1. Can you give the accessible area of I79, probe radius 1.4 Å, in Å² rounded to 10?
2. Pick from K66, K38, K30: which is most flexible by mean-square fluctuation in a GNM of the chain where alpha carbon atoms under 10 Å apart are linked?
3. Would segment 24-121 count as rounded, prolate or oblate if I go by the C-alpha gyration tensor, calling it rounded below 1.5 in a/c and otherwise prolate when a/b exceeds b/c, oblate otherwise?
4. At 0.36 nm per residue, minus the direct Cα-Cα distance, what do N93 and D27 gain on full extension? Give it in nm, one decimal, please.
5. Leaving out ligands, DNA and RNA, and with a 1.4 Å probe, what % of the accessible surface on the chain is carbon or sulfur?
6. Can you work out ³J(HN,Hα) from phi for every residue in segment 99-115, in order, using Karplus 6.51 cos²θ - 1.76 cosθ + 1.60 and θ = phi - 60°, giving whole Hz and x for Gly and Pro?
7. Pop a pseudo-label 7 angstrom from the Cα along the beta-carbon direction at both S82 and K38 and give the gap in nm to one decimal.
8. With the other protein chains left in place, how much accessible area per residue, in square angstrom, belongs to the chain at a 1.4 angstrom probe?
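The values are calculated or read from the model by the stated rules, or taken from the named source; none is laboratory data. Computed from a predicted model, the values in this text were never measured in an experiment. In this analysis, Cβ positions are derived from the backbone assuming ideal geometry, glycine residues included, and neighbour counts consider all displayed protein chains. Remember, those area values only see protein heavy atoms, side chains included, never the ligands or the DNA or RNA. Shrake-Rupley method; radii C 1.70, N 1.55, O 1.52, S 1.80 Å.
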Amino acid sequence: MAAILKFLAAIMLFTIITKGNCQCTLDDIKVSQSQTGKTVPNKQEWRLTLNNTCICTQLGLKLSCKGFQTVEPIDPSIIAISGDECTVVNNGNPFYGFTTLSFNYAWDTSFPFKPISSQISCS
Ligand SMILES: *[C@@H]1O[C@H](CO)[C@@H](O)[C@H](O)[C@H]1NC(C)=O
């Protein structure tokens, strides 16, 4: 019995250590959107914020943006649209842990941007 408990304790400790080191995933990128209150020609302006809620840096983060439309050009230094994918460029910088990025666009409704891939770098 004592041996089993020791073994379990060791596993738990190991899990805590590896978690502390890095256990970030794509799910740690939180997407939130809100209306800015402005209208750009006849469309609502939206502000999308990406929040990297984990310690690790995410590189080459891609969002699905199939069917995305905007009447307001989005900031190309933040996001590059190519086909069905939008790549977070952030002026050529990685998306560091515990930081946020935002950009505005304008359309009738908000667009459901969703993170689809990234490389997670923990050092
Ligand atoms: C990002 O997420 C963290 C954790 O959920 C939260 O505390 C923080 O306020 C968020 N930052 C922004 C700018 O939304």
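1. 0
2. So, out of K66, K38, K30, the one fluctuating most is K38.
3. Numbers: a/c = 2.06, a/b = 1.77, b/c = 1.17.
Prolate shape, in that a/c is at least 1.5 and a/b is the bigger ratio.
4. 21.7 nm
5. On the way: 4400 of 7660 Å².
Of the solvent-accessible surface of the chain, carbon and sulfur hold 57 percent.
6. Once θ is set to phi - 60°, the couplings for segment 99-115 become 10, 10, 9, 9, 8, 10, 8, 9, 7, 4, 10, 6, 9, x, 5, 9, x Hz.
7. It is 2.9 nm.
8. Numbers: 7660 Å² over 123 residues.
Value returned for the chain: 62 Å² of accessible area per residue.
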